[in-house]
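The values are calculated or read from the model by the stated rules, or taken from the named source; none is laboratory data. Not measured: the values here are computed from a predicted model. Here Cβ is always computed from backbone atoms with ideal geometry, including for glycine, and neighbour counts include all displayed protein chains. We work out accessible area using only protein heavy atoms, side chains counted, and drop any ligands, DNA or RNA first. Shrake-Rupley method; radii C 1.70, N 1.55, O 1.52, S 1.80 Å.
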Amino acid sequence: MLVLSLVISLIQLHDAAYRQNNTYLHNLNSLVEMGCFAAAYRIELKARSNQVIVFTGLGIYLLVFLNDFSWTRIAGVTLGVERIVMIVYALLYFHYILARMQVQNLLIHSMFWVSAGAIVHAAGTLFVFLFVKVTLGDLSSNGSYALYITIVRTFSAFFYIILGFSFCIRRREFRLAERFTV
């Protein structure tokens, strides 16, 4: 997800430098994020009922995405639904690990950090996208566009840093698992 999001961001910067439309890339990045999140939580949440919730959330998102996608504007409803589904996935994972009580130290558990980062990122940007017509809508009449896009970029940067941190922790988890299974 990080690599795909980076590639999409680089294409967005290129298009912006040449004053070309790049809002559709924001919408496509949402699809990449949601697909990767659904795959990650499907793998981590082993219970059948949890997997049904993951697939249901992805299905709802895909229906909204197909209905709301646009090449010329930011699909605010889609991005808002993505944020809500991300929060649901993270809360579902927190419930899962609390019910199983198998994680000994949350601070060195990678999916805890992924879920915590997802909640902060999703909650921080949710209302910017739910009210996209007011926050990021008409650039000519809205003097606060820079503020809202800065909020989105800040929460996204925070989220990607947390994801990178969780990858480092995940490597450590794999090394520990190998040491105890050999």
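Just a few scattered comments:
- Normalised contact order of the range 1-180, rounded percent, pairs of Cα under 8 Å and 6 or more residues apart: 19 percent
- J(HN,Hα) series, the range 34-41, from Karplus relation 6.51 cos²θ - 1.76 cosθ + 1.60, nearest Hz, glycine and proline x: 5, x, 5, 5, 4, 5, 5, 6
- Surface per residue (accessible, 1.4 Å probe) for the range 1-124, Å²: 53 Å²
- Of the residues H14, H121, H95, the one with the largest accessible area comes first in the ranking H95, H14, H121, computed with a 1.4 Å probe on protein heavy atoms.
- Here L62 sits with roughly 70 square angstrom of accessible surface, probe radius 1.4 Å.
- Of the trypsin sites (Lys or Arg not before Pro) found in the range 1-98, those in coil by DSSP whose Cβ has at most 16 other Cβ atoms within 10 Å are R19, K46.
- All distinct Cα pairs of the chain go into the 1/r average, and the inverse of that average, the Kirkwood radius, is 17.5 Å.
- With a 1.4 Å probe rolled over the protein heavy atoms of all chains, the accessible area of M86, M101 falls in the order M101, M86, largest first.
- Dipole magnitude for the range 1-180: computed about the Cα centre from +1 point charges on Lys and Arg Cβ and -1 point charges on Asp and Glu Cβ, it is near 480 debye.
- Alpha-carbon Rg/Rh ratio, for the range 6-53, with Rh computed the Kirkwood way: 1.25
- Counting only protein chain heavy atoms and rolling a 1.4 Å probe, the accessible areas of L58, L130, L45 rank, largest first, as L130, L58, L45.
- GNM remark for the chain: springs join alpha carbons under 10 Å apart, and the peak mean-square fluctuation among V134, V54, V114 falls on V134.
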